[in-house]
Amino acid sequence: MIQNIENIELQFLTINDYQELRSAMIEAYSTMPDSYWKEDHIQSLIDKFPEGQVIIKVNNQLAGCALAIILDYASFEEQHTYKEITGNFTFDTHTNDGDVLYGIDVFIKSEFRGLRLGRRLYDYRKELCEKLNLRGIAFGGRIPNYGKHADKLSPKEYIEKVKRKEIHDPVLNFQISNDFHPTRVLKGYLAGDAASNEFAVLLEWDNIYYEKQTKTAATKKKIVRLGLIQWQMRLYKNLEELMQQAEFFVDAVSGYRSDFALFPEFFNAPLMADNNHLSESEAIRELSNHTPAIVQKFSELAISYNINIITGSMPEIKDDLLYNVGYLCRRDGTVDRYEKLHVTPDEAKVWGMQGGNVLKTFDTDCGKIGVLICYDSEFPELSRLLADEGMDILFIPFLTDTQNGYSRVRHCAQARAIENECYVAIAGSVGNLPKVHNMDIQFAQSMVFTPCDFAFPANGIKAEATTNTEMILIADVDIGALRELNQFGSVRNLKDRRKDIFSLTKTIK
């Protein structure tokens, strides 16, 4: 390894570098002496895609090189050769309209190894991939030690032993350590590569920031603003007055350009005061008569205030059975329904409420979201199934009367954020309704939770409301940070699950 380093610089390759590059390639590929690129090849690459051709210099000496083209990846069969990828070494396969950056060559001269210069070249490729909005990087990686084991091991067995550190392969080990994952074995990939028995491993890196081109004007937001409504339970004369208060809060959070407004569970319970002469089960069924009008009004508010509204929850009768349900009213006018799957013992005993049967994620203009009503947050399987469907934000409207009940929801919600690598927003009600049976004093502190890693707050709390105080809580969450966490986090809860020893299956809708 070279000593007394004064300067390390990454540069675009020019044709003036060719003679030094040629000498470096001959040394790097000593086992394949005729495999270096000729001057016209390098000139062609520079002409077609100058950003893809870079060199790294140490003390003004060429130390390494990385060459690449852009491909329309779907145009190539899963089993391809180096000759096919390069268009018989003409690079006519390169297209600026492609979707994958394909690595043609990368090497570091022997005297400069140990300085982690290869990592710099790969980091440049990743940054270029993100800058050009390509969906990933791919290349055929040589396995130069395979020839020593070919009589005993298949390529697949060899790769598995390399991954388990039982065999050292300098090329493959390096690629895996740089977040590339093997996808398949390529037979007859590079003619003359006897050290690899002409096998290669197709290695890929996924650009987590890739955005598929769309013909519509809509874009998926990376920074999403959440508006949580900590609702004060108070008596209202009628539905119109209750919805006036709801609109006040929608107006307040949309005034801060929030993307979502989250209401608590059973925020409309004050309307049961007029039915206190009825039994609790009859009163809650009377309350369900207001649900269609409330949903209609929320949908109108979502459109007029340009905000997605999660309506908390309300009672609803379907096929003569009573359910606890809520609605996602999007700002584009569409509406979706969600159900509480696990009703509490009190809901079942006092009101005769049934558990629902629908669990699903919802697509929004801010990514995929999930909604679990209160008690459902205490069952980790539900949020894990939603995470498997790509959920970015989990909303939990809740209603708890004691600090004990609140603590169950609060701590379970925070666990859901960590284990599912998502954001979790919880919103509850405060105050009391002395004139409504089965509605005691409420305890709440609305919060937004995050995973616990370097891109997030150390305690996993993005924002928190004042306990038992009517207010709104506004918080921004970065969806891009979740993508990075999923790939490069200190721990990777979703990726590291032992699916070989357990499985989780959704049998409901």
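Odds and ends about this structure:
- Amide H within-cut-off set for residue 359, under 5 Å, with H built and near neighbours excluded: 509
- The stretch between residue 9 and residue 432, if pulled fully straight at 0.36 nm per residue, gains 145.6 nm over its current Cα-Cα span.
- Length-normalised contact order of the range 223-488 in % [C-alpha pairs under 8 Å, at least 6 apart]: 21 percent
- Formal net charge of residues neighbouring residue 93 (Cβ-Cβ distance under 11 Å; K, R +1; D, E -1): -1
- Difference of contour (0.36 nm per residue) and Cα-Cα distance, residue 237 to residue 206: 5.5 nm
- q = 0.07, 0.11 Å⁻¹, the chain: log10 I(q)/I(0) [Debye, one scatterer per Cα]: -0.53, -0.93
- Checked against a 19 Å cut-off, the cross-linked pairs 340/360; 360/506; 131/495; 38/187 give Cα-Cα distances beyond that limit for 131/495; 38/187.
- Ranked 491, 335, 162, criterion: other C-beta atoms within 10 Å, fewest first: 491, 335, 162
- MRE, 222 nm, helices only [DSSP H, n ≥ 4, -39500 (n - 2.57), over the chain, to nearest 500]: -8000 deg cm²/dmol
- Amide H to amide H, with H built 1.01 Å from N, residue 430 comes under 5 Å of 231, 232, 233, counting only residues 5 or more places away or on other chains.
- Rounded, prolate or oblate (a/c below 1.5 giving rounded, otherwise prolate when a/b exceeds b/c) for the range 282-401 by Cα gyration tensor: oblate
- Among beta bridges identified by DSSP and lying wholly in the range 8-206, the antiparallel ones come to about 90 percent.
- Sorted by Cβ density within 10 Å, fewest first, the residues 86, 14: 14, 86
- Antiparallel DSSP beta bridges within the chain, percent to nearest 5: 70 percent
- Arranged from fewest to most other beta-carbon atoms within 10 Å of their beta carbon, 503, 154, 377, 254 become 503, 154, 254, 377.
- Pair residue 75, residue 60: separation of 7 Å Cα→Cβ label points (nm): 4.2 nm
- Share antiparallel - DSSP beta bridges, the range 223-488, percent rounded to 5: 60 percent
- The distance between label points at residue 43 and residue 363 comes to 4.9 nm (points 7 Å beyond Cα on the Cα→Cβ vector).
Read the figures in this text as sums done on the coordinates, not as results from a lab. As the structure is a computational prediction, the values presented were derived from the model and not from experiment. For neighbour counting, all protein chains shown are included, and Cβ atoms are generated from backbone atoms with ideal geometry for every residue, glycine included.
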